[in-house]
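K.L.:
Supplied in structure tokens, the structure appears directly below.
Please treat every number below as a calculation from the coordinates, not as lab data. Just so we're clear, the structure is a prediction, and the values are computed from it rather than from any experiment. FYI the Cβ positions are ideal-geometry reconstructions off the backbone, even for glycines, and counts take in every protein chain you see.
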Amino acid sequence: MSARINMTGQRCGRITVTGHAGKKRGCVTWFGVCDCGNNVEIVGTDLRNGKSTSCGCLRRELTSERERARLIGKQFDRGVVFESAGTVTYGLRKSSNALWFLRCDCGEVYTATTNHLRRHITKSCGCLQRESRLMSRMSHGQTRGRQPSSEYRAWINMMQRCYNPRNSDYSNYGGAGVTVDEPWHDPSKFLKDMGPKPEPKYLYSLSRPLDLNNYGPGRGITWGTQAHQLEQKRLKRELLAKKLPTKTLAATATRKRA
Ligand SMILES: [Zn+2]
Ligand SMILES: [Zn+2]
């Protein structure tokens with residue numbers, strides 16, 4: 001006991017020894033304070049041989065640095081990790097988890113924990129749930145047996161080419177800035193506004209007036225045949241060649257239809 005080395009005031013790594021703590025399982029222990037502010041109680045020999053150099057914060061920081069290097073730039077479902085967002089503590093065991101900033105395919109920024117990313121619990125900024133909610137409406141109403149109606153399929157296809165980057169037509173629609181007005185995100189509103197397709201239904205699809213980009217109520221969207229749409233495209237090319245304002249173009253198209 002008398003041979004005890006007084007370590008008070010000594011520094012070992014991040015720890016400053018503040019006083020003698022006593023004996024634990026035959027080992028002399030010391031009180032200390034870590035640079036991060038945590039109080040610690042450490043076995044003397046661990047201090048002297050450099051086994052304890054912090055309260056544990058050093059290891060946590062090193063681990064999180066490694067995590068950072070591993071995760072930044074990595075894709076998880078719809079998002080790519082671009083920065084650390086600190087840590088969060090949750091659950092009964094108060095486990096702490098690294099939080100990350102991600103940029104979603106749709107352009108939004110969101111945060112998620114490493115745990116939720118790895119277990120595919122957080123897959124997007126929320127746009128994925130919104131889309132699947134939309135798609136799940138497919139099973140409500142407007143279905144004949146299990147087959148969606150022709151009008152309903154038109155709605156699904158419209159939403160797909162405007163909002164699903166994996167849709168083959170996306171580049172000409174959503175990718176080119178074409179959107180669907182909010183009221184038409186509800187298929188029942190869309191179907192009510194559009195009414196049934198003329199027969200034979202398979203010949204008809206959604207037709208937009210030439211100077212309007214977006215789909216929505218009051219935008220002059222009609223059921224048109226492919227021939228009608230080709231005619232509109234031809235008109236547009238002709239008129240653009242003459243450098244007429246597209247307003248005239250829409251008027252012409254409407255007159256032709258009437
Ligand atoms: Zn510390
Ligand atoms: Zn998103």
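K.L.:
Amide H to amide H, which residues 5 or more places from Leu99 or on other chains are under 5 Å from it, using H placed in the peptide plane?
P.N.:
Under 5 Å from the amide H of Leu99: Ala85, Gly86, Thr87, Val88.
K.L.:
Around Cys12, which amide H atoms from residues at least 5 apart in sequence, or from another chain, sit under 5 Å from its own amide H, with H modelled in the peptide plane?
P.N.:
Residues meeting the amide H criterion: Val17.
K.L.:
Below 12 angstrom from the Cβ of Thr122, what's the summed charge of the other residues (Lys, Arg +1; Asp, Glu -1)?
P.N.:
Within the 12 Å Cβ shell, the charges total +3.
K.L.:
A follow-up question, please. Could you give the length gained on full extension between Ser64 and Arg219, defined as 0.36 nm per residue of separation minus the Cα-Cα distance, in nm?
P.N.:
50.6 nm
K.L.:
Read phi for every residue in segment 37-54 and hand back ³J(HN,Hα) as whole Hz from Karplus 6.51 cos²θ - 1.76 cosθ + 1.60, θ = phi - 60°, with x for Gly and Pro.
P.N.:
Running phi through 6.51 cos²θ - 1.76 cosθ + 1.60 with θ = phi - 60° gives x, 6, 8, 9, 10, 10, 5, x, 5, 5, 5, 5, 8, x, 6, 10, 10, 7 Hz.
K.L.:
When only DSSP loop residues count, what trypsin sites (Lys or Arg not before Pro) in segment 12-57 have their Cβ near at most 15 other Cβ atoms within 10 Å?
P.N.:
Passing sites in segment 12-57 are Arg25, Lys51.
K.L.:
Considering every pair of different Cα atoms, what Kirkwood radius, in Å, is found for segment 11-55?
P.N.:
10.1 Å is the Kirkwood radius here.
K.L.:
A further question follows. Which residues in segment 167-182 place their backbone N less than 19 Å from a point set 7 Å from the Cα of Glu108 along the Cα-to-Cβ direction?
P.N.:
167, 174-175, 177-182
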